[in-house]
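Beneath this line is the structure, given in structure tokens, with notes to follow.
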Amino acid sequence: MATQFIEGPVASVARTSVPADVHWQKALPVLHGDGFSLRELRMDDALSLLALLTTEEVTRFISPPPETVEGFERFIAWVNQQREAGHYACFAIVPDGYDTAVGLFQVRQLDSSFVTAEWGFALASEFWGSGLFMAGAAAVLEFSFETLGVRRLEARAAVANGRGNGALRKLGAVQEGILRKSFLRGGKFIDQALWSLLEEDWYRSKAVWG
């Protein structure tokens, strides 16, 4: 998916644990899965994100990530400011045994009520094919539909991104069309597939494979 990296002013944000009754705008909950956890991005994730999400394999189908640690710190600060405003949620992907992020999931509102939203992700290539994406995606979808109140979740994936499109299909998403020349990457406009996942699609798919 066309993950977006936006850099804003640097601010110090670091939260490690969140009580269950705290609203997600104040701090994201930690989502636990088999062999991993998803948590809020922290400033100390900047170095690992720079190392892992700026490789040619990872950046091929996403917007250009920051090129410096400071750039990722500005992105993390912006992410947390947007979460506090209720517009955006971004989870760090942290495998068991790791202290810092190896990827991220993003969910951003497309309307004022968060009924319609868009999601994207980026994951270090070392973890492709490990099952980490599918398990993490399931946790993010559960959070999106049950906590954020999303009813329609959209994704855009480059047509040439066979891995990303296949994952969306497996999750139960429906391809609604092709957005021609809709994504600028490397000085060239490329086509994207528009996918949607409705609340009922997710629970139907979850019952089959989850």
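The alpha-carbon atoms of the range 116-210, seen along their principal axes, cover 40, 31, 21 angstrom, with the largest extent given first.
Size descriptors for the chain, from the alpha-carbon set: Rg then Dmax equal 16.0, 46 Å. The helix-based estimate of mean residue ellipticity at 222 nm for the chain, built from -39,500 (n - 2.57) per DSSP H run of four or more residues and divided by its residue count, is -8000 deg cm²/dmol to the nearest 500. Simple point charges give the picture: +1 on the Cβ of Lys and Arg, -1 on the Cβ of Asp and Glu, and for the chain a dipole about the Cα centre of about 620 debye. With the simple spin-label model, which puts each label point 7 Å out from Cα in the Cβ direction, the M134 to L184 separation comes to 3.7 nm. Looking at the chain, the DSSP beta bridges with both ends there are about 90 percent antiparallel.
Every number in this text was worked out from the coordinates using simple rules, so none of it is lab data. These numbers come from a predicted model, not from an experiment. Because the Cβ atoms are built from the backbone with ideal geometry, glycine has one as well, and the counts that use them run over all protein chains shown.
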